[in-house]
Amino acid sequence: MATVNDEIRLKFFELLSEYKGHPFHFARSILGMHLIYQGQKKIFDSFEGNNVTVVTSGHSTGKSATESALALYWISTRYKARVIVIAPRRRVVGGV
């Protein structure tokens, strides 16, 4: 596994720092998520402004895509951030 030195990491962070506080815009602009449903937008909006965001379950509602986008958003807009993703089964996390 290749490692990223601090200089590269800091440059990456500086380029994306304008998106800090704006996960919806990060998902659209950086990740190219143009088909964002109203429910997904609510998740993005809730994520930055609250300590806890609760999402009701359902099939094919975009939860995994939103979770993946938020994980990428977090590690891209916070210097040396880490994201821990948990699930009841390994295959669930592997799919994200």
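Please treat every number below as a calculation from the coordinates, not as lab data. From a predicted model like this one, the values you see are computed outputs, not experimental measurements. Here the Cβ is made from the backbone with ideal geometry for all residues, glycine too, and neighbour counts use every protein chain on show.
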Taking the stretch 6-95, the lysine pairs whose C-alpha atoms sit under 20 Å apart (8 or more places apart or on different chains) add up to 7
Shape call for the stretch 42-87 from the C-alpha gyration tensor, a ≥ b ≥ c root eigenvalues: rounded (a/c under 1.5), prolate (a/b greater than b/c) or oblate? prolate
State the label only: which of (i) 1.08; (ii) 0.98; (iii) 1.04 corresponds to Rg/Rh (Cα atoms, Kirkwood Rh) computed from the shown model? (ii)
Magnitude of the Cβ-charge dipole of the stretch 6-95, K/R +1 and D/E -1, about the Cα centre, nearest 20 debye? 360 debye
